[in-house]
There are 2 protein chains.
Amino acid sequence: MRTPEPMVEIHRGPFVESQHMGHAVICDGSGGVVEAWGDPDAVVLPRSSAKMIQALPLVMSGAAEAFGIGPARLALACASHQGAPMHVRAVNAWLDELGLGDDDLICGTEASRDKDLRFQMIRDGDSPCRVHNNCSGKHSGFLILTKHLGASSDYVDPAHPVQKSVRDAFEEVTGATSPGFGIDGCSAPNFATSMLGMARAMAFFASAGQRSDTMSEAAQQLVGGMIAYPELVAGDTRACTHLMRAAKEPLALKTGAEGYFVAILPHRGWGISLKIVDGATRASNSAIAALLVRIGVLDAENPEVIRFLNPPVKNWDGLVTGEIRPVAGLTGV
Amino acid sequence: MRTPEPMVEIHRGPFVESQHMGHAVICDGSGGVVEAWGDPDAVVLPRSSAKMIQALPLVMSGAAEAFGIGPARLALACASHQGAPMHVRAVNAWLDELGLGDDDLICGTEASRDKDLRFQMIRDGDSPCRVHNNCSGKHSGFLILTKHLGASSDYVDPAHPVQKSVRDAFEEVTGATSPGFGIDGCSAPNFATSMLGMARAMAFFASAGQRSDTMSEAAQQLVGGMIAYPELVAGDTRACTHLMRAAKEPLALKTGAEGYFVAILPHRGWGISLKIVDGATRASNSAIAALLVRIGVLDAENPEVIRFLNPPVKNWDGLVTGEIRPVAGLTGV
């Protein structure tokens, strides 16, 4: 077993104050490893980076077509959105059309990550709703599939038809039996796989346009939605949205909790999986940007890239006291 | 150079989802190493874990005595408080007596970490002040020393008499020339040393009662203040306060940003320094509690200890989805 490798450093003055280690795998469309760091066999929970896999049954089952789900809603089904007004409006409209409400979501409540809305809700004395939860789009997708299947309302139960179909899809795209699951922040099961398995899955999505089977067609639709609506996948302050917009070729990016990140590169048929072993988002943001610079998809000089690749560290008074920086060589520059 | 060692794991379901590595050194009163993990020579910025060192000149100079600074204000001078009403009132009263105000602090503004106060300020349309900054007590101490010395108001300048006296004290208690400094979150210089140097410094504080020189007497007074007022050192939701209260013998604990933590054990004359290399507070909280269980100062079964040593990980819906756990063997159990 290979150990994780240094990936991102936190500099303060002349010192490296902190350091983040990680695993990463880049796979091509045939599932071959283009490049890897750390241990490709490390078992991981991809968390929200698996959302496009969790949305496959929604499309493959015919539920998305039956309910008229277009690319924007497919993007929302794959999203960790920030609960900004545009996300809340979109999910509420979707629930309304289904004749469902906030209580039907089983994702728990989360304060909006949109500062203006969060402060407004505090001023108004409003409590966060489930629709504000970053997973409310994914759960809306689960609800539609549940309805389509005529299944019971406890759709996050690992034995529920929705989650059984998610597991089947997960094992097919990762190319391996899942060793099990953890319960995610939103109460849905999150299936485990290897770093290589997750990179293979992302390469499956990236190369889906070269195939015409049902799963590949579903994967194409989901990737198309994410690429068309980067602001619905995350939001105005978050890495997925900014880096998708800054890219020199179309790509889908998806963060996950605990330092996970994946990339889907349809022009190359490549997939990338990344895990910062300590779970830090500041490091997974920087490292995924570094890998995308390395392969020529992002420009290291673009301010929208620097914002995540190599941001300044500022103190309470706004002074720049250091910077976040990928380790030497990671960007390939 | 020894590499950092695994210290804390994040479990989710049957999986270790994330892992934190660290360095730690336990020193006795003679500066000898009792036990060490990782690299004792690793160069670190102790951040707020150095606050009792930064407060030494306040006492040694006679400023504390001249201005009638008692143990509660000495505790505040060593604090990373949460900006709760009791901290804000105490610092404001202190500034008032000095004929100074919020604008004289050079620590920058920080939103209160006390949720009730933070929400109340949002509802009232009030902006965070400098007094809410977790370092406002330390800066009040700097202001008194500045006044006592008749020095200029830019007391965070590394060339200012206050910071020069901090550096002298820092190098004396760590037993080594500092290789330099970074600028801290509150704009004051934060001097670098080794893990061993910082453990030696904490052992100096812990064993100060055995000596009667000016620096040792100042160290005793500061430790006495911290032990007498654990709620002023941090606050009701934070590890320092809870673990000091839960300990089986008097001790002073002080967290620092980026995964730092120190302990001062006067009954043994021991000092502990701890750095989680990725900077995660969840891990430094757990690891310092583990080391204190290991040496018999904390009880691993005490709910106030478990809260930081081995807390559950809960999701948005309040379900327990995993736990934070020190690596096997770290607690010595």
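Each copy carries B:Thr3; placing its label point 7 Å along the C-beta direction from Cα gives inter-copy distances of 0.2 nm, listed from smallest up.
Once the other residues with Cβ under 10 Å from the Cβ of A:Met226 are scored (Lys, Arg +1; Asp, Glu -1), what is the net sum?
Working: positive: A:Lys51, A:Lys254; negative: none.
Once all neighbours under 10 Å are counted, the net charge is +2.
Computed from backbone phi with θ = phi - 60° and the Karplus coefficients 6.51, -1.76 and 1.60, the 3J(HN,Hα) list for the range A:216-223 is 5, 5, 5, 4, 4, 5, 5, 5 Hz; x is used for glycine and proline.
Once phi is turned into θ = phi - 60°, what whole-Hz ³J(HN,Hα) does the Karplus curve with 6.51, -1.76 and 1.60 give for every residue of the range A:64-73, x standing for Gly and Pro? Values, residue by residue: 4, 5, 4, 9, x, 7, x, x, 5, 6 Hz.
With a cut-off of 11 Å between beta carbons, the residues surrounding B:Cys107 carry a summed charge of -3, where Lys and Arg count +1 and Asp and Glu -1. The B-A contact accounts for approximately 3400 Å² of buried accessible area, totalled over both chains at a 1.4 Å probe radius. Between A:Ala93 and B:Ala111, take the C-beta separation as r, use R0 = 35 Å, and let me know the FRET efficiency to the nearest 0.05. The calculated FRET efficiency here is 0.60. In this calculation the C-beta distance from A:Glu35 to B:Ser152 is compared with R0 = 60 Å, giving a FRET efficiency of 0.65.
Considering protein heavy atoms only and a 1.4 Å probe radius, which residues within the range B:308-326 exhibit an accessible-area decrease of no less than 50 Å² in the full assembly relative to the chain by itself? Flagged in the range B:308-326: B:Trp316, B:Asp317. For the pair A:Glu304 and A:Thr177, label points projected 7 Å from Cα toward Cβ lie 4.5 nm apart.
Based solely on its DSSP helices, what 222 nm [θ] is calculated for chain B when runs of n ≥ 4 H residues each add -39,500 (n - 2.57) and the sum is averaged over all residues, nearest 500 deg cm²/dmol?
Numbers: 14 runs with 131 residues, N = 333.
That comes out to -11500 deg cm²/dmol.
The mean number of Cβ atoms from other chains found within 10 Å of a Cβ in peptide B:113-125 is 2, as a whole number. Mean per-residue shielding of peptide A:294-305 is 0, counting Cβ atoms of other chains within 10 Å of each Cβ.
Ignore the peptide's own chain and count Cβ atoms of other chains within 10 Å of each Cβ in B:275-285; give me the average, rounded.
Averaged over the peptide's residues, the number is 4.
State, as an integer percentage, the relative contact order of the range B:37-183 based on alpha-carbon contacts under 8 Å between residues 6 or more apart. Provide the component values of the computation, followed by the final result.
Working: 177 pairs, mean separation 42.1, N = 147.
Computed value for the range B:37-183: 29 percent relative contact order.
In terms of the Cα gyration tensor, with a ≥ b ≥ c the square roots of its eigenvalues, is chain A rounded because a/c is under 1.5, prolate because a/b exceeds b/c, or oblate? It comes out oblate by the Cα gyration axes. Full extension of the chain between B:Glu5 and B:Asp102 yields a length gain of 30.7 nm, computed as 0.36 nm times the residue separation minus the alpha carbon distance.
Taking the Cα centre of the range A:18-92 as the origin, how large is its charge dipole in debye, to the nearest 20, when only Lys and Arg (+1) and Asp and Glu (-1) carry charge on their Cβ atoms? Please list the in-between numbers first.
Values: 4 positive and 5 negative charges, 102 e Å.
The calculated dipole for the range A:18-92 is roughly 480 debye.
Most mobile of B:Gly38, B:Gly185, B:Gly99 per a Gaussian network model of chain B (Cα springs, under 10 Å)? In the Gaussian network model the winner is B:Gly99.
Using the Cα centre of the protein assembly as shown as the reference point, and only Cβ charges (+1 on K/R, -1 on D/E), how large is the resulting charge dipole? Debye, rounded to the nearest 20. If you can, show how the numbers build up before the last one.
Values: 56 positive and 72 negative charges, 62 e Å.
The calculated dipole for the protein assembly as shown is roughly 300 debye.
Any idea how far the Cα center of the range A:58-121 sits from the one of the range B:292-333, in Å? After rounding, the separation between the Cα centres reads 36 Å. Springs between alpha-carbon pairs under 10 angstrom, Gaussian network model over chain A: which of A:Ser207, A:Ser178, A:Ser286 fluctuates most? So, out of A:Ser207, A:Ser178, A:Ser286, the one fluctuating most is A:Ser178.
By the gyration tensor of its Cα atoms, with a ≥ b ≥ c the square roots of the eigenvalues, what is the shape of the range A:27-141: rounded for a/c under 1.5, prolate for a/b over b/c, or oblate? Oblate, since a/c reaches 1.5 and b/c is not below a/b.
What's the local net charge at B:Lys51, with K and R +1, D and E -1, over the other residues with C-beta under 11 Å away? Walk me through the intermediate numbers first.
Values: positive: B:Arg47, B:Lys138, B:Lys254; negative: B:Asp184.
Residues near B:Lys51 contribute +2 overall.
Residues whose amide H falls under 5 Å from that of B:Val8, counting only those 5 or more places apart or on a different chain, are B:His20, B:Val327, with hydrogens built in the peptide plane.
Between A:Trp270 and A:Leu265, the built amide H atoms are under 5 Å apart, and every one of these is 5 or more places off in sequence or on another chain. When the other protein chains are added to the chain by itself, burial of at least 30 square angstrom of heavy-atom accessible area (probe 1.4 Å, ligands and nucleic acids ignored) affects these residues of the range B:12-47: B:Arg12, B:Phe15, B:Glu17, B:Ser18, B:Gln19, B:Leu45, B:Arg47.
Under a model in which nothing but the beta-carbon of Lys, Arg (+1) and Asp, Glu (-1) is charged, chain A shows a dipole of about 380 debye around its Cα centre.
Couplings for the range B:95-110, taken from phi via the Karplus curve 6.51 cos²θ - 1.76 cosθ + 1.60 with θ = phi - 60°, read 4, 4, 4, 7, x, 10, x, 3, 5, 7, 6, 10, 9, x, 8, 9 Hz in order; Gly and Pro are left as x.
Kindly report the accessible area of the range A:5-326 per residue (heavy atoms of protein chains, probe 1.4 Å, no ligands, DNA or RNA), in Å². Walk me through the intermediate numbers first.
Working: 10830 Å² over 322 residues.
Here the per-residue accessible area is 34 Å².
Summarising the label geometry, the points placed 7 Å from Cα in the beta-carbon direction at A:Arg123 and A:Val320 lie 3.3 nm from one another. The share of accessible area on chain A that comes from carbon and sulfur is 51 percent, using a 1.4 angstrom probe.
The values are calculated or read from the model by the stated rules, or taken from the named source; none is laboratory data. Remember, it's a predicted structure, so these values are computed and weren't measured experimentally. Positions of Cβ are backbone-derived with ideal geometry, glycine not excepted, and every protein chain shown enters the neighbour counts. Calculation scope for accessible area: heavy atoms of the full protein, side chains included, ligands and nucleic acids excluded. Shrake-Rupley method; radii C 1.70, N 1.55, O 1.52, S 1.80 Å.
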